[in-house]
Structure formats: C-alpha cells, structure tokens
1. When you scan the range 186-299 for strands (runs of 3 or more DSSP E) that lie fully inside it, which ones turn up with 1 or more residues that are free of Cβ contacts under 8 Å to residues at least 60 places away in the same chain and either farther than 29 Å from ALA418 by Cβ or outside the structural domain of GLY456 (by TED's automatic domain parsing) (or both)?
2. So which of GLU373, GLU441 ends up being among the acidic types (Asp, Glu) and either free of Cβ contacts under 8 Å to residues at least 24 places away in the same chain or buried (at least 22 other Cβ atoms within 10 Å of the Cβ) (or both)?
3. Just for helices (runs of 4 or more DSSP H) wholly inside the range 1-84: which have at least 1 residues that are surrounded by fewer than 22 Cβ atoms within 10 Å (Cβ to Cβ) and hydroxyl-bearing (Ser, Thr, Tyr)?
4. Report yes if ASN25 is out of contact with any helix residue (DSSP H, G or I) (no Cβ under 6 Å at 6 or more places or on another chain) and not charged (D, E, K, R), otherwise no.
5. Which condition breaks for ILE364 when tested against (1) in a loop (DSSP other than H, G, I, E, B); (2) more than 20 Å from the chain's Cα centre (by Cα); (3) modelled with pLDDT of 95 or more?
6. Quick check: is even one residue across the range 268-278 within 15 Å of GLY216 (Cβ to Cβ) and either among the polar types (S, T, N, Q) or under 20 Å from the mean Cα position of the chain (by Cα) (or both)?
7. Those residues that are surrounded by fewer than 16 Cβ atoms within 10 Å (Cβ to Cβ), in contact (Cβ under 8 Å) with a residue 40 or more places away in the chain and either within 18 Å of GLU419 (Cα to Cα) or of a type in the set (D, E, K, R) (or both), I need them from the range 479-503; list them, please.
8. Residues in the range 333-347: is at least one small (Gly, Ala, Ser) and on the phi > 0 side of the Ramachandran plot?
Amino acid sequence: MLEVIKEKKGELPLIHYFGTVITYNDFEEYTNEIAAQISVYCDPGDTVAIIAENIPQFSMVQYAAWKNSCVFIPLSPIDSQAEIISKLEFTKTHMVIIGSEFREKFSEIKSLNGMHILYTSAETFGNIPMELKGKFIREQQIEELAIRKKAVFQACNPDPEDIAMLVFTSGTSGRQKAAVIRHKNIYAASYIYKEWYDVSVKDKNLCIAPFFHITGLIFGISLTVISGSSMVMTYRFDAMNTLETLESEKPTITMFVATAYRAMLNSWSDIPDIKTRVASMRLWSAGGMPMPLKTQHDWRSMTGKWIYMAYGLTESTSPVALWEYPYSGDLITHNGVLTAGKPVYYTRLFRARDGELNVSGPQIVDSYFNNPEDTAKSFGKKGLKTGDICYIDKDGYVFIIDRKKDLIDVSGYKVVPAEVEGVIRKNPYVEDAVVIGEPDEYKGEVPVAYIKLNEGITSYENIKEDIMASCRQELARYKVPASIIFVREMPLNASGKIKRSGIKAMEVVYR
C-alpha cells in the first residue's frame, strides 16, 4: 500500500475534509514528517495506536507507522478507559496518538510505563460545523503531531507477510482477541472491492463507517488509495450533516451499517426532493448486521436504489460475500433473511455439518495476536470458522442466518433469533427488534423479544397483540416469543451495530 501511494503521488485529491482538499502528494509528504516523528519513539516491529474519529490524521498515522515498519492499532474512542488500557497493555504499545477531545476521558493512559502520547486536533485540517462540534466536541483542540510537509523519508518498506495492523474483535472467551492483519491481507481485500465495484479515480468515497472498524479501514481508507479515488471524511456520522455532505461533495460510493440508514430515513422523511439531492451516489452498501427488509424498501422508495449488502468480518479483512454489481432485480431472501450476495473473488466458502460458515482466501487472517486458544478454535483446515450459521442456495447466494452462539435452545429445538426478528420487523410500527434466549425452568431457554417502535408510537398493548398474532401464524410454537418487552433505544456499539448482549440494560417503556 505504501508503493501504491507513491505511484499515485500527484495533485489528484485524496481527502476532502470540511472544505479542505489534501492531494496524494500532500498526503505522502505529511506522512513523511509524521513518520520521522514516530521514528524517535519506535523501532520496526513496534506498535503504534490511535484513538480518534474519522479525521485526516487517522490515515496519516496509519501510513506513517507503516513507513517505520511498525504495527498500526486502531482503537475506539467509545471504549472505556479501562478497556483501552487493557488493550494497550496486551499489545505492549508504548506510543499512542489521541484525539484532543478525549484527553480527559483517557487521562490515565499517561501513567502507563514508557508510554508516549501525542494529541491531535479534529480541526487541524478544517473547521467542524458548529452543530456537529457542539454535539461531539467539548474540549479545546491541540495539535502535537508534526503537521508539516517533508519531501523525503527513508522508509523501512515492510514485507507483504509482515503484520500491518492488530484490529480488536468481539469475543465471549474472556480473552483479548486482536486479528493479526498482514499487509498482503489488506492489499487483497482492497483489490477485491476495487474490482468488484469497479472503483476508479472518478469515485468519491463517503467515509461514514468509523476508521477504527474494519469496514472503515478497508472500504474507507485502503479501497480509496488502491483505486486512486478520494475519500470524504465527516468526523462522525450525523444524518443531517451527511445530507449536507452529499449535496456539497457529491460522493459516489459508501458502506456503513443498517442503523445509520434507518437514522437517515427518519431524519430525511419530510425533506422534499431527496432523490435528486443524493443523486450523485451510484453505490449505497451496508454490512456488519442484518438489514431489515422494510429498511430496504423504504430506502429504495426514497432514493430509487437498493442498499447493496455485504458480509465480512474483522478476521476476513472485510469482504467475504457481496451483491453482484450492478444489480437491478428484486430482493433475494431465504426465510425472511436478505442475501449477503455471492462469494467474492479468490474466496472459497464451506458450510459445515452444523451450518457454520468456513471461509478461505487471500484476505483471511491466520491468527489472533498472542491468543493460541482462540486461534486454534477459529482457524482450521477449511480456513476461518466464522461462528455464523449460513445457508447457500443452488445459485450460490449466501444467507447469514445468525450467530452460532446466539441460537436459542428450547427443549432441544434450535431457534434462530433472526427468523423471529424478521417476522416482528414486518409490523409497520416496529423500528427494530432483538430476540434473545432467557432461562426457563421447564424448557431450558425461551425466546424473548425486545422491540423499539417508531418515533411517537405508544399503543403498546395493541401492537404487542398484533406481533404475537403474526408470530403464532408464521412461526412454529416453540419459536413464538414467551414475552415482548418494549425499549426506548437499541444498544449500539461503536460501529453503530446493535449490541445484542447489551439489550437488557436498555430502558424499558412497556412490558
């Protein structure tokens, strides 16, 4: 990827950030200076972490770390201080760049032995709009990165087999799980996206997915670089700011989660002529979580286009299955689940006897950092064991039915939460639903539905009766929720995906 940047060195735009344009040549020279700054603290093979939102310095630090043959570690500012410190200690990181607005939140990091901290400002390259700034930024911004241009830096070019990033992923084992992503994995994943969607210098990538998540890292940053296109950064997702960005910057492609699409549908529903205002977009895509069919139909009604589904994991450096492009047919479903598409280039899928999807390909990682137990469990002869239950039809379309660990065992019968959630989401008053298993003295477990209704809907009992009637009509008796609980909000993780494990902590408005 360092060679790609050098090849594209020139006056083509790479980054658009609140009125500022940073060219490929600018980026190369800024990263040279930051690389020189990092070299004071780090040797090749050391780890360099960053805790920041989607700002230009995020990608600059990433490439500057690679110029030193260092390992880059993206961390989420949504994490607690204890979680961040645990990850820094686990990876033996002794240099971290932190967004200035998080100085107080992560103030104890400086007490770690040998830790070098540099703060960076979200407004070094552009002024964040006041409505966005007031929503997300409380502290005064300071800049300690060397934001100057340096024509030459004697880079330690890494080998394709070298570790490029350690990206933390969720797990239930209690052990830290950081996927070991090598330079060859990043190149393969980025190349797959570029070829599949025909991304070129003509494209502008709307980078809403957070850069500390694999989607933002690969579809956002690396796809942009390898295709010679440009990326539009907006600091952090906000529905109205996204609309303003679409009108002013006219991006052409994007990928983020279903919850963001629903937020935009809610915010833009009464705004006239939306279809014209977002007409620059040729590709809307989404991954990371199931997409309700209602959201797809609402989005197409509003914009005239489908949301192209994608399936991937941190361990697959993002892409595993994608919709064919271009696609103009009807939605393809299986038992109410929308297809994730077909296997991407150079990738082989294998469905195990228990339904678990196994994946192999050049983008698939081979291990977790310093975690032989989970490495042994997740990587086998057929490649990566994804932990996802799948169905693959005769035409090769892949359907991700649910997480293996989320299956509910009712008296020996397996209940797939996504199937029940799909029936619930058909109700026009339901915005989203999560079904989990809860202990039952007689049956072992029973399904319980947690539901968020559309804004302003309060006729809970009537809607509850309608949902239960639909479930009884469309589902086997053991799949029907034992109870329905209405919550004010859904628990979201740092990437905007629904965090199933946090549903019980949500405020209940009716049960």
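The values are calculated or read from the model by the stated rules, or taken from the named source; none is laboratory data. Bear in mind the structure is a predicted one, so any value in this text is a computation, not a measurement. Note that we place each Cβ from the backbone using ideal geometry, even for glycine, and neighbour counts take in every protein chain shown.
1. Details: elements: 204-207, 230-233, 253-256, 283-286.
Qualifying strands (runs of 3 or more DSSP E): 204-207, 253-256, 283-286.
2. Values: GLU373 fails: either free of Cβ contacts under 8 Å to residues at least 24 places away in the same chain or buried (at least 22 other Cβ atoms within 10 Å of the Cβ) (or both).
On inspection, the qualifying residue turns out to be GLU441.
3. Values: elements: 2-7, 24-39, 56-67.
Answer list for the range 1-84: 24-39.
4. Details: out of contact with any helix residue (DSSP H, G or I) (no Cβ under 6 Å at 6 or more places or on another chain): yes; not charged (D, E, K, R): yes.
Yes, satisfied.
5. (2)
6. Restricting attention to the range 268-278, the residues satisfying the condition of being within 15 Å of GLY216 (Cβ to Cβ) are none.
Looking for residues that are within 15 Å of GLY216 (Cβ to Cβ) and either among the polar types (S, T, N, Q) or under 20 Å from the mean Cα position of the chain (by Cα) (or both), one finds none in the range 268-278, hence no.
7. Answer for the range 479-503, where residues must be surrounded by fewer than 16 Cβ atoms within 10 Å (Cβ to Cβ), in contact (Cβ under 8 Å) with a residue 40 or more places away in the chain and either within 18 Å of GLU419 (Cα to Cα) or of a type in the set (D, E, K, R) (or both): just ALA482.
8. Going residue by residue through the range 333-347, those that are small (Gly, Ala, Ser) are 336, 340-341.
With on the phi > 0 side of the Ramachandran plot added as a condition, the list becomes 336, 341.
So far as the range 333-347 goes, yes, one or more of its residues are small (Gly, Ala, Ser) and on the phi > 0 side of the Ramachandran plot.
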